[in-house]
Amino acid sequence: MPHPMDPFEQTRAATGVSLADFGNEVMPMLLRYRDVRKAANDWARFSNNAPARLPLPDETDVRTLRQLPIETDPPDHTEYRDLVKPWFRRPTDAAYAARITALTDALLTTAVAAGQVNVETDLALPLQSRALTVLLNMPETEAETWIAWGTHAFRVKGRNVPQKAQVLLDYITTHVAAAMHDPGDDLFGHLARARFRGRPLTADEIAGVLHVTFAGGRDTVILTVAGALAHLAETPADLRRLWSEPGLALTATEEFVRYFSPLSHFGRVCPTGAEVGGHTVPPDGRVALCWASANFDPTVFDDPTALRLDRTPNPHVGFGSGPHNCLGSLHARLVIRTVLDRIAQRQIGLTLVRGRRLVTDVGGFARPQGFSDLVIAFKEGNGLGMV
């Protein structure tokens with residue numbers, strides 16, 4: 001029987017491709033690591049030039065805005081990405097990392113004082129929201145607005161909610177207009193001053209960058225942090241290793257991203273059609289790349305269903321692959337790693353109080369992703385086994 005985290009095992013081994021039903025379209029879904037990476041790099045056959053059609057299910061019911069740079073292909077993609085690449089490299093700066101550490105310590109101190117907290121809503125969500133103010137260089141007070149949006153900017157239980165999507169779009173539109181009038185020092189202002197092929201960016205282009213920034217990285221970081229803390233609370237031996245082995249937070253971060261694969265799959269459009277695993281994709285039809293299945297491919301990962309904090313090498317595709325790989329991966333890695341590192345440095349004990357894993361549908365495969373009411377007890381200073 002397949003492991004719960006890898007329901008793709010049998011199909012991946014047998015054919016490597018599954019016909020996946022995403023509600024309004026049935027399409028081939030690539031399951032093998034090498035096939036997924038090859039398709040992700042072949043943007044001419046498997047294109048990103050499809051506004052709102054890359055997420056699965058798609059977002060055509062909640063937006064017409066093109067997310068940038070991800071929903072373009074080279075050479076446009078390369079030039080749009082170059083405009084923001086230096087900004088998204090800022091998490092490598094020591095001062096940036098220090099601010100993330102301060103935010104993390106404050107929330108962990110609150111959790112310890114409370115004794116126990118709902119990890120997703122009371123720790124991971126506010127942490128990622130406040131950390132996003134560092135990434136965007138905006139006042140920390142803005143995080144309260146984003147926290148109110150929940151773990152995803154416009155989805156609830158995997159479904160798009162038009163009213164929520166409009167709230168996000170209105171927020172972005174207001175800030176874009178202000179930045180174009182008087183550019184500040186935040187990402188909105190940076191983009192208002194930027195030039196694309198010698199001209200200023202349009203309001204929609206600026207909004208497209210911010211839309212994917214707000215919508216693309218919230219739930220993925222939150223789910224990974226929650227999954228990591230749930231594992232450590234359920235596996236005291238791994239928690240003790242984290243305490244005692246300096247540097248383990250680095251490899252553990254990569255392993256948690258691989259294992260939980262919070263962005264489980266993503267779409268591509270075939271402009272001229274394609275043959276994929278014996279299935280015909282018509283022109284403008286789509287295929288799905290299953291990052292979650294690729295991350296459990298035993299031809300690449302030894303004993304892939306084992307969660308190994310020291311797994312190395314770890315060439316996972318949890319942040320995508322190819323030219324469209326995640327721009328926010330440095331920020332996401334820093335946030336996750338800092339949580340693990342501060343728990344290790346402060347020797348914070350974690351004990352699971354309650355929590356039920358939620359099961360999501362990945363093109364016909366049921367896979368745990370996220371939790372319902374994940375409550376963990378926190379105690380500083382070797383505080384294991386107190387509940």
Cα centroid separation, the range 124-180 to the range 192-231 (Å):
10 Å
What is the Cα centroid distance between the range 14-57 and the range 268-333, reported in whole angstrom?
9 Å
Mean Cβ neighbour count within 10 Å, used as a protection proxy, ranking 113-125, 364-376 highest first
113-125, 364-376
If you build the convex hull over the alpha carbons only and average its shadow over all orientations, what do you get for the range 334-380? Give it in nm² to one decimal.
4.3 nm²
Which value in Å is the Kirkwood Rh of the range 261-371 over different Cα pairs?
17.1 Å
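Roughly how many debye, to the nearest 20, is the charge dipole of the range 60-157 about its Cα centre, given +1 on each Lys and Arg Cβ, -1 on each Asp and Glu Cβ, and no other charges?
My answer is approximately 60 debye.
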In a solvent-free Debye calculation with one equal scatterer on each Cα, what is log10 I(q)/I(0) for the chain at q = 0.06, 0.07, 0.10 Å⁻¹, listed in the order of the q values?
-0.23, -0.31, -0.65
So for the range 95-229, Kirkwood radius off the Cα pairs, Stokes-Einstein at 20 °C and 1.002 mPa s: how many µm² s⁻¹?
134 µm²/s
Mind telling me which of 265, 231, 181 comes out most flexible in a GNM of the chain, alpha-carbon contacts under 10 Å?
181
Here the membrane-span-like helices of the chain, with no claim about any membrane, defined by DSSP H, Cα axial extent at least 20 Å and mean Kyte-Doolittle at least -0.5, are 94-114, 162-181, 218-234, 329-345
Taking residue 157 as the anchor, which aspartates and glutamates have their alpha carbon closer than 15 Å to its alpha carbon, excluding any fewer than eight residues away along the same chain?
58, 59, 120, 219, 361, 373
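Equivalent-ellipsoid semi-axes (√(5λ), Cα gyration tensor) for the range 241-315, whole Å, largest first?
After diagonalising the Cα gyration tensor, the semi-axes are 35, 12, 8 Å.
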Distance in nm between label sites at residue 272 and residue 178, each 7 Å beyond Cα in the beta-carbon direction?
4.8 nm
With only helices counted (DSSP H, runs n ≥ 4, each -39500 (n - 2.57)), the per-residue ellipticity at 222 nm for the chain, to the nearest 500, works out to -13500 deg cm²/dmol
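Stretched out fully, how many nm does the piece from residue 90 to residue 193 gain, at 0.36 nm a residue minus the Cα gap?
That pair, residue 90 and residue 193, stretches by 35.3 nm at full extension.
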Zone reached by a paramagnetic label modelled 7 Å from residue 34 Cα along Cα→Cβ, restricted to the range 279-299 with backbone N below 14 Å, covers 297-299
Dipole in debye (nearest 20) - the range 9-380, about Cα centre, beta carbon charges: Lys, Arg +1; Asp, Glu -1:
360 debye
Label model pair residue 202, residue 121: point-to-point distance (7 angstrom along the Cα→beta-carbon line) in nm is 4.1 nm
Debye intensity ratio in log₁₀ form over the Cα atoms of the range 190-275, taken at each q of 0.20, 0.21, 0.25 Å⁻¹
-0.95, -0.99, -1.17
Where the convex hull is taken over the Cα atoms of the range 147-207, what is its projected area averaged over directions, in nm²?
5.0 nm²
Projected onto their principal axes, the Cα atoms of the range 26-124 stretch, largest extent first, over whole-Å spans of 53, 34, 32
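Values in this text are rule-based calculations from the coordinates and carry no lab data. Model, not experiment: these values are computed from the prediction. Note: ideal-geometry Cβ built from the backbone for every residue, glycine included; neighbour counts use all protein chains shown.
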